[in-house]
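Laboratory data are not the source of any read-out in this text; all were calculated from the coordinates shown. What you are looking at is a predicted structure, and each value in this text was computed from that prediction instead of being measured. Neighbour counts are summed over all protein chains in view; Cβ atoms, including those assigned to glycine, are modelled from backbone coordinates with ideal geometry.
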Amino acid sequence: MKRKWAWWLLILAPVAVWGVWKSVRKVKLAMTVETDLFTQGQIELNQGQFSSAIEVFETFLARDPNHVPALQFKLTAEIKAGKTESALVTAERILKLDPSSSNKAIVAELFRQSGKEAEARRILNLPDPAPSVSPSPTVASS
């Protein structure tokens, strides 16, 4: 009876090893594809091909929507391409995922440049500016 099980183990062991190898290879391939996409997006951005870089980063983000560095590069490409409205949406996503002070400063500046001063102040937790008070004119007595 023991020999019967030994033969089954000899048959099943290679099948199990092959299954594990196949799974590991699949994970490595997926990681390679994502790394290649990220790198390709950076290359497109560095070459000034902003629309193409945005598309590559969107493809990358479809696989990993919470990848902050990819969002930051996409934001840079959108700003350089002059796509302000989509840049503001991307900036909001970055802040939701990583509300660090450096991200807040970048996003607030983007809002400020697009004329949304109140939104920039909200992001930086700054109070609304006090209304300017000009001194009342004095009347000279004769």
Residue 36 paired with residue 122, simple spin-label distance in nm, labels 7 Å along Cα-to-beta-carbon: 4.2
Segment 76-125: C-alpha gyration tensor shape, a/c 1.5 cut-off, then a/b vs b/c: oblate
With 10 Å bins from 0: P(r) over segment 27-123, alpha-carbon pairs, percent: 17, 46, 29, 7, 1
Reach of residue 74 by Cα under 18 Å, taken over aspartates and glutamates that are not fewer than 8 positions away in the same chain: 34, 36, 44, 55, 58, 64, 85, 92, 98, 109
